[in-house]
Amino acid sequence: MLDGLRILDRMVNQNTFADITMDFKYWDDSSDVFKPGEGSLLPLWQFKCEKSKKHVTSICWSSLYSDQFAVGYGSFQYQKQGTGAVSVFSLKNPSHAERTITTQSGVMALHFHPEFANLLAVGCYDGSVMVFDVRSPSDKPICQASVKTKKHADPVWQVCWQPDELQKTLAFVSISTDGDVLLWTLTKVELVPERLMRLQSASKDKAAGAGASAVAALSMSGSFGTGMAAAAVAAAAGNAAAAAGGRGSEAGAGAADIVAQHTVGGLCMDFAQAAGQENTYLVGTEEGSIHKCSKAYGSDYLATYSGHGMPVYAVKWNTMHSGLFLSCSADWIVKVWDVSQPQAPLMSFDLGAAVGDIAWAPYSSTVFAAVTDDGKVHVFDLAQNRQLPLCAQKCTKKARLTRVVFNPNHPILLIGDSKGNVSALKLSPNLRRCSKPDKPGAKVEELERQKLDKVVEVARKSQAPALAAAAAEAAAEAAALAALAATGGSE
């Protein structure tokens, strides 16, 4: 009965939004023919959660249904914390959510299981993680981490399901500003945590740099001051004050311990998708550094990429090329990195405002999108223009854009904002170009990798002076440290 009513509801909504549905299926911007280096985005539907008016903190498409996606609602403002929500929407029914689950703390991250699409991992502001079965009529999670099972001490900023080929168990990874990257194994009765990495700064100077970045984040304009950096720093400060019990001497001792341990808060992560590299992942931190890590080696980083001056909000591996990844930060910069060259990025793009999120397109190795605090969506195609975006379109008037994701099958992307709205946008033909096989047996993925290799080759030639300058700076720092050590020894 309920399934029949749900189908009838979708039919009524499709008739109500018939014009938008036709645009979704057939619209192509005919002006793209006369503007070869430009593109546009057509607004389609807008999705709202009636039970929550908070920020959109996370969006994830279903791994089974290309029309279904989940949205996490929470708050980036430390002083305005409360309950959160998870809503599951469908493109077939834009008028309301299929279902909404309320949580005791704000939802900051969520991720559908790649194989079992009914399982949804959720990370919250209070440091807890949980797993929901979205098919179940109950709003209670299947499993939830508690204080007894050693939940995170700070907000959880990202969760990601990870396959376990050896033990054949369900497990996901979470990252938090408490400095821990934890692997949670789902058992019949509880979530069992295992520490994969304790994020630490390489030196006291870098730890100081992290604090400077956090203070700078808080001192910026009001729009950004209420963002992820402000929430992360405020949460860390609140936890430190609580641990100190309000006594000055103990608080000072706690601060000394933090400096001694050089713990760094993690804000984002992404696992490699290439065959044989499933254990490799990237971590973005509050101090602006990006670390390459491995699940099989948790004592140290494999590499460190220091290119941002403020907190890193997102890192994303290229979906078709295992040697490149993308990063964005509160310093307004989006950077393209070569994994083998941590000294300097291949390309950098200044977007003029704090960049909340980035995403590679699933259909092209050279197309990616970024959203900023000024309400703009920027879409780049490195094969067409390595300097400027093909599209920089303002999509909100008085809200910050917080999240962006591409649909894996359709030429649309979803953007979330600070007012709790999720908008679906369709890309014009110039923004969704991909390689077409000209020979029988040619694979699109291989053609896309070759296309990106050409872009990288040109970028490396222009990167040579930057690499030389970075090498000279590193040599100067090494000489200064050696001189300082010699002076200390003589004293």
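The values are calculated or read from the model by the stated rules, or taken from the named source; none is laboratory data. Note that the coordinates shown come from a computational prediction; the quantities given were computed from them, not determined experimentally. Don't worry about glycine lacking a Cβ; one is built from the backbone with ideal geometry, like all the others, and counts go over all protein chains shown. Calculation scope for accessible area: heavy atoms of the full protein, side chains included, ligands and nucleic acids excluded. Shrake-Rupley method; radii C 1.70, N 1.55, O 1.52, S 1.80 Å.
Quick check: is even one residue across region 121-141 more than 24 Å from TRP61 (Cβ to Cβ), out of contact with any Lys or Arg (no Cβ under 9 Å at 6 or more places or on another chain) and of a type outside the set (Asp, Glu)?
Yes, that holds for at least one residue.
Can you say whether SER428 is small (Gly, Ala, Ser) and modelled with pLDDT of 85 or more, as far as the supplied structure shows? I'd like the intermediate steps shown before the answer.
Details: small (Gly, Ala, Ser): yes; modelled with pLDDT of 85 or more: yes.
Yes.
Yes or no: region 441-458 includes at least one residue that is open to solvent by less than 80 Å² (accessible area, probe 1.4 Å), in contact with a Cys (Cβ under 8 Å, 6 or more places away or on another chain) and modelled with pLDDT of 90 or more.
No, region 441-458 contains no residue that is open to solvent by less than 80 Å² (accessible area, probe 1.4 Å), in contact with a Cys (Cβ under 8 Å, 6 or more places away or on another chain) and modelled with pLDDT of 90 or more.
Before we move on, is SER364 outside any strand (DSSP E or B) and either among the small types (Gly, Ala, Ser) or crowded, with 23+ Cβ neighbours inside 10 Å (or both)? Lay out the reasoning, then the answer.
Values: outside any strand (DSSP E or B): yes; either among the small types (Gly, Ala, Ser) or crowded, with 23+ Cβ neighbours inside 10 Å (or both): yes.
Considered against the rule, which asks whether it is outside any strand (DSSP E or B) and either among the small types (Gly, Ala, Ser) or crowded, with 23+ Cβ neighbours inside 10 Å (or both), SER364 comes out as yes.
For region 412-424, state whether one or more residues are open to solvent by 50 Å² or more (accessible area, probe 1.4 Å) and not in a loop (DSSP other than H, G, I, E, B).
Kept after step one, since they are open to solvent by 50 Å² or more (accessible area, probe 1.4 Å), are these residues of region 412-424: 419.
Keeping just the survivors that are not in a loop (DSSP other than H, G, I, E, B) gives none.
Among the residues of region 412-424, not one is open to solvent by 50 Å² or more (accessible area, probe 1.4 Å) and not in a loop (DSSP other than H, G, I, E, B), which makes the answer no.
Being over 30 Å from ILE20 (Cβ atoms), in a helix (DSSP H, G or I) and open to solvent by less than 20 Å² (accessible area, probe 1.4 Å): is that true of ALA469 here?
Numbers: over 30 Å from ILE20 (Cβ atoms): yes; in a helix (DSSP H, G or I): yes; open to solvent by less than 20 Å² (accessible area, probe 1.4 Å): no.
No.
Looking at this structure, is VAL355 in contact (Cβ under 8 Å) with a residue 24 or more places away in the chain, under 13 Å from LEU41 (Cβ atoms) and either surrounded by fewer than 22 Cβ atoms within 10 Å (Cβ to Cβ) or of a type in the set (A, V, I, L, M) (or both)?
Criteria not met by VAL355.
I need a count of the residues in region 69-126 that are within 19 Å of PRO408 (Cα to Cα), surrounded by fewer than 22 Cβ atoms within 10 Å (Cβ to Cβ) and aromatic (Phe, Trp, Tyr).
Qualifying residue count, region 69-126: 1.
Which residues, taken from region 259-298, are among the small types (Gly, Ala, Ser) and surrounded by fewer than 21 Cβ atoms within 10 Å (Cβ to Cβ)?
Start the filter on region 259-298 by keeping residues that are among the small types (Gly, Ala, Ser), which leaves 260, 265-266, 272, 274-276, 284, 288-289, 294, 296, 298.
Those that are among the small types (Gly, Ala, Ser) and surrounded by fewer than 21 Cβ atoms within 10 Å (Cβ to Cβ): ALA260, ALA272, ALA274, ALA275, GLY276, SER294, ALA296, GLY298.
Condition check: over 21 Å from TYR313 (Cα atoms), touching a residue at least 40 places away in the same chain (Cβ under 8 Å) and among the β-branched types (Val, Ile, Thr). Does VAL456 satisfy that?
yes
Six or more apart or on different chains, Cβ atoms under 6 Å: show the pairs whose first residue is in region 270-294 and at positive phi and whose second is of a type outside the set (A, V, I, L, M, F, W, C) and open to solvent by less than 20 Å² (accessible area, probe 1.4 Å).
GLY288/SER213; GLY288/HIS308
Could you grab the pairs with beta carbons closer than 6 Å, sequence gap of 6+ or different chains, first residue in region 410-426 and closer than 19 Å to LEU110 by Cβ, second one open to solvent by 20 Å² or more (accessible area, probe 1.4 Å) and among the charged types (D, E, K, R)?
Pairs found: GLY416/ARG403; SER418/ARG400; GLY420/LYS53; GLY420/LYS54; ASN421/LYS48.
Please indicate, with yes or no, whether at least one residue in region 384-397 is in contact (Cβ under 8 Å) with a residue 12 or more places away in the chain, hydroxyl-bearing (Ser, Thr, Tyr) and more than 18 Å from LEU324 (Cβ to Cβ).
yes
Which one of these does VAL379 not meet: (1) under 26 Å from PHE24 (Cβ atoms); (2) surrounded by fewer than 21 Cβ atoms within 10 Å (Cβ to Cβ)?
All conditions are met except number (2).
Run down PRO114, PRO137, PRO141, PRO155 and say which single residue is over 26 Å from ALA272 (Cα atoms) and at pLDDT 90 or above. It would help to see each step written out before you state the result.
On the way: PRO114 fails: over 26 Å from ALA272 (Cα atoms); PRO137 fails: at pLDDT 90 or above; PRO155 fails: over 26 Å from ALA272 (Cα atoms).
Checking each option against the conditions leaves just PRO141.
For region 177-206, which positions are open to solvent by 60 Å² or more (accessible area, probe 1.4 Å), modelled with pLDDT of 90 or more and more than 29 Å from PHE116 (Cα to Cα)?
Result: ARG198, single match.
Go through region 479-491 and count every residue that is part of a helix (DSSP H, G or I), at pLDDT below 75 and either open to solvent by 60 Å² or more (accessible area, probe 1.4 Å) or among the polar types (S, T, N, Q) (or both).
Taking region 479-491 as the starting set, the residues that turn out to be part of a helix (DSSP H, G or I) are 479-490.
Remaining after also requiring at pLDDT below 75: 481, 485, 487-490.
Okay, now just the ones that are also either open to solvent by 60 Å² or more (accessible area, probe 1.4 Å) or among the polar types (S, T, N, Q) (or both), so 481, 485, 487, 489-490.
Adding up the residues that qualify gives 5.
Report every pair of residues separated by at least 6 positions or lying on different chains whose Cβ atoms are under 7 Å apart, first residue within region 36-50 and in a strand (DSSP E or B) and modelled with pLDDT under 90, second open to solvent by less than 10 Å² (accessible area, probe 1.4 Å) and of a type outside the set (Asp, Glu).
Matching pairs, first to second residue: LYS48/GLY420.
Condition check ((1) among the acidic types (Asp, Glu); (2) closer than 22 Å to VAL422 by Cα; (3) in contact (Cβ under 8 Å) with a residue 12 or more places away in the chain) across all residues:
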{"position": "ALA109", "(1), (2), (3)": "no, yes, yes"}
{"position": "SER128", "(1), (2), (3)": "no, no, yes"}
{"position": "PRO137", "(1), (2), (3)": "no, no, no"}
{"position": "ILE142", "(1), (2), (3)": "no, no, yes"}
{"position": "LYS151", "(1), (2), (3)": "no, no, yes"}
